[in-house]
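Q: Starting off with a structure, shown below.
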Amino acid sequence: MQSVGKGGVNRSTDVKTVQELLNDNIGRLTPLRPLTTDGRIGPATQGAIDEFQRRVVKMPFPDGRVDPGGKTLAKLNEAAGPIVPAPVVGSIRVIFAHGGVVPEPTNAKGIDKLYESRVTVVGGSGGTFRGSIYPDDMNVKGRIKDGTYDLYLGFHKRAGTPTAADLVVRDNGFRAALIVNNDQNVPVISDNASKTTSNAIHVHNGFNSKRFSEGCPTLCPSDWPAFLKIFLTAFPKLEAWTERNAYVGKKIGVLEVKA
């Protein structure tokens, strides 16, 4: 999603992807050893990027960076062959760890201030992302209380009858998402004393300017495609997304909210 290596953004999920691709190509980099896929740029990972560029990309002066849409990433994918996502084993756990941080209501201080939570997917191919458990206006809605809640496949901004063509990543309108507690009530914390529960809580994408959430856990917009693809890949059949009704599908695990 973003640059990895020397002078790169080096998001953990992106670094881990590059480490995995380098390991797929490790036979071309003898005598280098396979990397630990820890999502961190260290001397071994940086050295492997440099060496891959030198040997495989044929760069006489490696720049030490893997960029989206760049030649190094294309060669990593080409040499490694198609990536087969890991199968889902058992129940998936989606963890929003907010650390007690209250985010900004808008991006006046930058988009990173909109998304306070570290979101981890445990099970399937997994991953780590940025997200938020907060609505834009705590006077109107509330944020879901710390705890564990059943999690289902389903659809957000419901309109019409879902088809297989709807099992794609979208960031507006009717779209695939995750459904918390089968659309039933969940406890929330709000600045409005009378607001103690909310329903129809979905895990969906936020936006760059605001989260545009009414109490739903949201993903940073740049992280949303990779996050949702975990579930689209693991559950490619429409029947899994509509198992209970037109808009709520198969129970896949739990949402955990914690400090």
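Q: To the nearest 10 degrees, how steeply does helix 12-24 sit against the main Cα axis of the chain, on a 0 to 90 scale?
A: Rounded to the nearest ten degrees, it is 40.
Q: Quick check: from the Cα gyration tensor, does the range 11-72 come out rounded (a/c under 1.5), prolate or oblate?
A: oblate
Q: Additional query: Could you work out what % of the accessible surface of the range 115-184 is carbon and sulfur, using a 1.4 angstrom probe and leaving DNA, RNA and ligands out of the count?
A: Values: 1250 of 2740 Å².
Answer for the range 115-184: carbon and sulfur cover 46 percent of the accessible area.
Q: Please report Rg over Rh for the chain, where both radii come from the alpha carbon positions and Rh follows the Kirkwood definition.
A: 1.02
Q: Among LYS109, LYS237, LYS75, determine the one that fluctuates most according to a GNM of the chain built with springs between C-alpha atoms less than 10 Å apart.
A: LYS109
Q: Whose amide H sits under 5 Å from the amide H of ILE179, counting only residues 5 or more places off or on another chain, with H placed in the peptide plane?
A: TYR152, LEU153, GLY154, VAL203
Q: Using only Cα atoms, what is the ratio of the radius of gyration of the range 1-141 to 2.2 N^0.38 Å?
A: In units of the globular-protein estimate, the range 1-141 measures up at 1.26.
Q: Name the residue, out of ARG93, ARG33, ARG211, whose mean-square fluctuation peaks in a Gaussian network model built on the chain with Cα pairs under 10 Å.
A: Most flexible of the set in this elastic network: ARG33.
Q: As a test of understanding, state the convex hull volume per residue of the range 93-191 from its alpha carbons, in Å³. Please list the in-between numbers first.
A: On the way: hull volume 13.5 nm³, N = 99.
For the range 93-191, the hull spanned by Cα atoms encloses 136 Å³ per residue.
Q: Any idea of GLU78's accessible area? Nearest 10 Å², probe 1.4 Å.
A: About 130 Å², ignoring ligands and nucleic acids.
Q: Might you tell me the accessible area per residue for the chain, computed with a 1.4 Å probe and given in Å²?
A: So the chain comes to 48 Å² accessible per residue, rounded to a whole number.
Q: Also: Would you mind checking which residues have amide H under 5 Å from ARG65's amide H? H placed 1.01 Å from N; only 5 or more apart, or other chain.
A: Under 5 Å from the amide H of ARG65 lie the amide H atoms of LYS6, each far enough along the sequence or on another chain.
Q: Quick check on the range 167-259: what does the Kirkwood estimate of hydrodynamic radius come out to from the alpha carbon pairs, in Å?
A: Numbers: mean 1/r = 0.0697 Å⁻¹.
Answer for the range 167-259: a Kirkwood hydrodynamic radius of 14.3 Å.
Q: With everything on Cα atoms, drop me the angle between helix 224-234 and the longest principal axis of the chain, reported from 0 to 90° to the nearest 10.
A: The two axes meet at around 90 degrees.
Q: OK, next. Structure shown: which of LYS71/LYS250; LYS71/LYS229; LYS75/LYS250 lie over 29 Å apart, alpha-carbon to alpha-carbon?
A: Among LYS71/LYS250; LYS71/LYS229; LYS75/LYS250, the Cα-Cα distance tops 29 Å for LYS71/LYS250; LYS75/LYS250.
Q: If you don't mind, there's one more thing I want to ask. Working from Cα positions, state the angle (0 to 90°, nearest 10) between the long axis of helix 43-55 and the longest principal axis of the chain.
A: Taking Cα atoms only, the helix is inclined about 60 degrees.
Q: With θ taken as phi - 60° and the coefficients 6.51, -1.76 and 1.60, list the Karplus ³J(HN,Hα) couplings across the range 196-208 in order, rounded to whole Hz; mark glycine and proline as x.
A: For the range 196-208, the Karplus curve yields 10, 9, 9, 10, 6, 8, 10, 8, 9, 7, x, 10, 6 Hz.
Q: Something else now. Got the relative contact order for the range 1-70 handy, in percent, Cα pairs under 8 Å and 6 or more residues apart?
A: Values: 97 pairs, mean separation 26.2, N = 70.
After rounding, I find 37 percent.
Q: Right, here's the next one. Under a 10 Å cutoff between Cα atoms, tell me which one of PRO162, PRO103, PRO31 has the largest fluctuation in the Gaussian network model of the chain.
A: Among PRO162, PRO103, PRO31, the largest GNM mean-square fluctuation belongs to PRO31.
Q: Out of residues 5 or more away from ILE92 or on other chains, whose amide H comes under 5 Å of its own, with H placed 1.01 Å from N in the peptide plane?
A: The list, which skips near neighbours in sequence, is GLY253, VAL254.
The values are calculated or read from the model by the stated rules, or taken from the named source; none is laboratory data. Just so it is clear, the model here is predicted, and its values are computed rather than measured. Note: areas computed on protein heavy atoms with side chains; ligands, DNA, RNA excluded. Shrake-Rupley method; radii C 1.70, N 1.55, O 1.52, S 1.80 Å.
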